[in-house]
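Here is the structure we will look at.
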Amino acid sequence: MKPRKLQKEVRNYSDITKYSSMAFQMMAIIALGVFGGIKIDKWLHLKFPFFTIVLSLIAVILAIYYFVRDITFISHKDHDPKNN
């Protein structure tokens with residue numbers, strides 16, 4: 001196999017692992033927000049799931065923030081002339 005082709009394949013697998021790890025991180029943040037909200041609502045015996053809704057929305061915003069931060073870091077890293 002040619003070195004350039006092998007290097008391209010390795011980079012593709014590296015990209016797949018980067019993005020899949022970001023997806024799992026986002027799922028974990030959202031799941032923790034939902035789980036924490038449910039537990040707080042049960043602990044306070046609330047009829048309306050106030051904390052579940054609020055913590056879920058905060059978790060989604062936080063997950064999107066971390067995703068955008070990671071994407072911009074990867075983008076800057078990929079376009080850095082020192083890495084080529």
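Each reported figure results from applying straightforward, stated rules to the coordinates on display, with no laboratory input. Source: prediction; values computed, not measured. Glycine also receives a Cβ, built like all others from the backbone with ideal geometry; neighbour counts cover every protein chain displayed.
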Checklist entry - Expressed in nm to one decimal, what extension gain is obtained for the pair Phe35 and Ile61 from 0.36 nm per residue of sequence separation less their Cα-Cα distance? => result 7.8 nm
Checklist outcome for this item: Expressed in nanometres to one decimal, the distance between label points 7 Å along Cα→Cβ at Ala23 and Ile53 is 3.1 nm
Checklist entry - To the nearest 0.05, how large is the calculated FRET efficiency for Ile16 and Leu46 if R₀ is 41 Å and r is the Cβ-Cβ distance? => result 0.45
Checklist entry - Around Ile29, what is the net charge, scoring Lys/Arg as +1 and Asp/Glu as -1 over all other residues with Cβ under 14 Å from its Cβ? => result 0
